[in-house]
Amino acid sequence: MKVSIDLFGSARDFSSKNCINFELVKNSSIKDLRNKLLGFIDLKFNGNETFKKIINTSAFCSDEDKIVLDNFKIDKTQRFSIIPPIGGG
């Protein structure tokens, strides 16, 4: 099934587009999606550690505007947003 990730904040550097699309098997989890994104960074950006840190510390939001945890099961074609932590003071 097709899963799209809308890119926000520092995650926008992952692509020249506003989103990245992946194919996942039904009942994959957000953790699986996170790992797929990490693999994408390994291939596209030679394992850029800064990008990997962004992925590992980001939250994911469903197309229903709800934060979803790593164990959330994806059972249909769906759109998510990656929400990196915001720095500042």
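Some values worked out for this structure:
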item	result
Partners for K44 among aspartates and glutamates (Cα-Cα distance below 12 Å; same-chain residues under 8 apart left out)	D13
The chain - accessible surface per residue (Å², probe 1.4 Å)	62 Å²
Dipole magnitude (debye, nearest 20) for region 1-72, charges at Cβ of Lys, Arg, Asp, Glu	140 debye
Cα gyration tensor, region 50-89 - rounded (a/c under 1.5), prolate or oblate	prolate
Carbon and sulfur %, accessible surface of the chain computed with the full protein complex present, 1.4 Å	50 percent
Antiparallel content of DSSP bridges confined to the chain, in %, to 5	70 percent
Listed candidates [x] 51, 29, 22; [y] 53, 39, 16; [z] 35, 31, 23 - label of the one calculated as Cα extents along the principal axes in Å	[z]
Distance between region 69-83 and region 1-59 - C-alpha centres, whole angstrom	12 Å
Computed label-point distance, nm, for sites M1 and N48 using a 7 Å Cα→Cβ extension	3.0 nm
Tilt relative to the chain, helix 30-45 - C-alpha long axis, 0 to 90 degrees, to 10	40 degrees
Built amide H within the under 5 Å cut-off of V68, gap 5+	F60, C61, S62
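The values are calculated or read from the model by the stated rules, or taken from the named source; none is laboratory data. The structure presented is a predicted model; accordingly, all values stated were derived computationally and were not measured. FYI the Cβ positions are ideal-geometry reconstructions off the backbone, even for glycines, and counts take in every protein chain you see. SASA here: full protein model, heavy atoms, side chains in, ligands and nucleic acids out. Shrake-Rupley method; radii C 1.70, N 1.55, O 1.52, S 1.80 Å.
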